[in-house]
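The structure appears right after this line, and notes come after that.
Taken together, the values in this text are just the output of simple stated rules run on the coordinates, not laboratory data. Everything quoted here is computed from the prediction, not taken from an experiment. Note: ideal-geometry Cβ built from the backbone for every residue, glycine included; neighbour counts use all protein chains shown.
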Amino acid sequence: MLRNLRQPRRVVITGLGCVTPLGVGREAFWGGLVRGESGVRRIEGFDVSGSPVRIAGQVPNFDWEGELKAKDRRHVARTVPLALAAAREALDDARLHPSDFSTEERRAFGVVLGTGGGGLEFTERQYEQYFKRGDSAAASVYTIPSSTHGGLSSELSMAFGLRGLSHIVSTGCTSSTDAVAYAAQHIALGRQEAMLAGGSDAPLAPGILAGFCLMKVLTEDWNDEPARASRPFSRDRSGMVLGEGSWVYVLEEYERARRRGANVYAEISGYGATCDAYHRVRLEDTGEEPARAMRLALQDAGRAPEEVDYVNLHGTSTVLNDRIETRALKLALGEAAHHIPMSGTKSQIGHPQGASGAAGLAAALCAMQTGVIPPTINLDEPAPECDLDYTPNQAREREVRVALCNCIGFGSKNSALVVERPSE
């Protein structure tokens, strides 16, 4: 199986699309980040009056029905229209039109998406209709395939006629970081020429919300002030805010992108992944394994800590995560950790679960394109143990050539990506 491996090829990102709590499209997302806006608001999709948590990072003004054929609207999870809209924007951004592809081009173009919850909210809807309402006729005949995670990538493959591999990576909160790396590896090894890769998650449903409340990881303190709720690294942080969204990229082999004159956002140059092997939810206090994931990514990229211009942080707003991530950054980057600007995108969009790594990558790419570091909002007074430069509250001008994107997930998983401006 591995006898025909060739010299690894360079992999670049040539398209970006997103559907986010800050708005639909990359311009709305980036504009909201730079302006320090919050996409956290009261949950509108179901009754939360009896819940201790009534807020989330929800996508506003999203025409989900417009992304689907009428016959499909009752048969797919919300992650599907989120992913389709982001993928369409990414393909347009990359100036690629799958309808014009030859058979061979379709076979060389794959899909890899990361998701944490996949179709769980869809499954919950089907069970409610069938068991609570007793309306079996309203339940979808596709309850089983549309509830499985693997169907998400197939929906994109079918929508665009892409016949390359079609895979889902589901590793908790690191899912989309791992998915982008997995897709890049297939291109680097010559097994695909291009890929749609990224993440989509929509964990907003009554049962899912109740489950997160049982774990005591969501903040209950800011229901009346949603925009202030997500507070990574702040002294008064009290838990994360659920979020939803989709961030999808076009990945290509570097020479192919050059030949067709594509705009290149960045080259994917490094990836590292580890596991604390410690707990289903919490991190080990030492921070050693998330630090090792970041070191592995930098080693893969051939970069020293001093060469990193920006770090996009996982930054969930839980007391434990932010403290340990700060410790891990110091272990991974050494003295350089105190001099590199960083920021936590979740302060503005909440935590979109398996799509969070793709969201952080989008923030890093836009920072690289514009020379502006997005802020960590709601950081009025940092916690004493959180003493790095998190770019508090205001965006900052800074040239970004090399960016490190960090991600930490349930099940003790850690992943990191390095992206950089491609050299000739």
* Calculate one ³J(HN,Hα) per residue across segment 398-415 by plugging θ = phi - 60° into the Karplus curve 6.51 cos²θ - 1.76 cosθ + 1.60, and present them in order as whole Hz with x for glycine and proline. => 6, 5, 10, 9, 10, 10, 10, 10, 9, 8, 10, x, 3, x, 6, 8, 9, 9
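Can you tell me what share of the DSSP beta bridges in the chain is antiparallel? A percent to the nearest 5 is fine.
Values: 42 of 62 bridges.
Counting DSSP beta bridges with both partners in the chain, the antiparallel share is about 70 percent.
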* Structure fact -> Asserting the computed 222 nm helical MRE of the chain (DSSP H runs at least 4 long, -39500 (n - 2.57) per run, divided by residue count, to nearest 500) equals -9000 deg cm²/dmol
* Structure fact -> Exposure-ranked with fewest Cβ neighbours within 10 Å first, Asp100, Asp178 stand as Asp100, Asp178
* Structure fact -> Diffing segment 204-221: the Karplus 3J(HN,Hα) column from phi (6.51, -1.76, 1.60, θ = phi - 60°), in whole Hz with x for Gly and Pro, holds 9, 7, x, x, 5, 4, 4, x, 5, 5, 4, 6, 6, 9, 9, 6, 10, 9
* Asked: Taking θ as phi - 60°, what are the ³J(HN,Hα) couplings along segment 304-314 by the Karplus curve (6.51, -1.76, 1.60), each to the nearest whole Hz, with x for Gly and Pro?
  -> 8, x, 5, 8, 7, 9, 7, 10, 8, 9, 5
* Note the full-extension length gain between Glu284 and Arg42 as 0.36 nm times their separation in residues minus their Cα-Cα distance, in nm to one decimal. => 83.8 nm
* Report, as a whole number in µm² per second, the diffusion coefficient that Stokes-Einstein gives for segment 11-259 at 10 °C and 1.306 mPa s using the Kirkwood radius over alpha carbon pairs. => 84 µm²/s
* Structure fact -> In nanometres, the difference between 0.36 nm per residue of separation and the alpha-carbon distance of Glu385 and Ala277 is 36.5 nm
* How high is the relative contact order of segment 271-420, in percent, counting Cα pairs under 8 Å that sit 6 or more residues apart? -> 35 percent
* To do: Please provide three numbers in whole Å: the alpha-carbon extents of the chain along the principal axes, with the largest listed first.
  => 61, 55, 39
* Structure fact -> Summed over the other residues with a beta carbon less than 10 angstrom from that of Leu204, with K and R at +1 and D and E at -1, the charge totals -3
* Between Tyr271 and residues 5 or more places away or on another chain, which pairs have amide H atoms under 5 Å apart, with H built 1.01 Å from N, and which residues are they? -> Asp300, Ala301, Val418
* To do: Measure off 7 Å from each Cα along the Cα-to-Cβ vector at Glu335 and Gln394, then give the distance between these two points in nanometres to one decimal.
  => 2.9 nm
* To do: Could you state, as a whole-number percent, how many of the C-alpha pairs of segment 204-315 are farther apart than 19 Å?
  => 67 percent
* **segment 271-420 - charge dipole about Cα centre, Lys and Arg +1 at Cβ, Asp and Glu -1, debye rounded to 20** => 420 debye
* **Point-to-point label distance, Asn61-His97, nm (Cα→Cβ direction, 7 Å offset)** => 2.9 nm
* Structure fact -> Note on segment 11-259, DSSP bridge orientation, antiparallel percent to nearest 5 equals 65 percent
* Asked: So which trypsin sites (Lys or Arg not before Pro) in segment 34-101 pass both tests, a DSSP loop state and at most 10 other Cβ atoms within 10 Å of the Cβ?
  -> Lys69
* To do: Measure out, as a whole number of angstrom, how far apart the alpha-carbon centroids of segment 1-38 and segment 361-424 sit.
  => 14 Å
* To do: Report the FRET efficiency, 1/(1 + (r/R0)^6), for Ser154 and Arg401, where r is their Cβ-Cβ distance and R0 is 35 Å, rounded to 0.05.
  => 0.40
* For Asn4 and Glu307, FRET efficiency with R0 = 56 Å and r from the beta-carbon atoms, rounded to 0.05? -> 0.95
* For Ser234, residues with placed amide H under 5 Å, excluding near neighbours -> Ala383
* Asked: Roughly how many debye, to the nearest 20, is the charge dipole of the chain about its Cα centre, given +1 on each Lys and Arg Cβ, -1 on each Asp and Glu Cβ, and no other charges?
  -> 1000 debye
* Would you work out the relative contact order for segment 184-285, in percent, from Cα pairs under 8 angstrom that are 6 or more residues apart? => 32 percent
* Structure fact -> Residues other than Ser102 with Cβ under 13 Å of its Cβ, Lys/Arg counted +1 and Asp/Glu -1, net out at -1
* Asked: If one computes the Cα centroid of segment 250-301 and of segment 92-143, what distance in Å separates the two points?
  -> 26 Å
* Long-range amide H contacts for His167: which residues qualify at under 5 Å (H placed 1.01 Å from N, peptide plane, sequence gap of 5 or more or a different chain)? -> Val111, Val112, Leu113
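With an 8 Å Cα cut-off and a minimum separation of 6 or more residues, compute the relative contact order for the chain in percent.
Normalised by residue count, the contact order of the chain is 23 percent.
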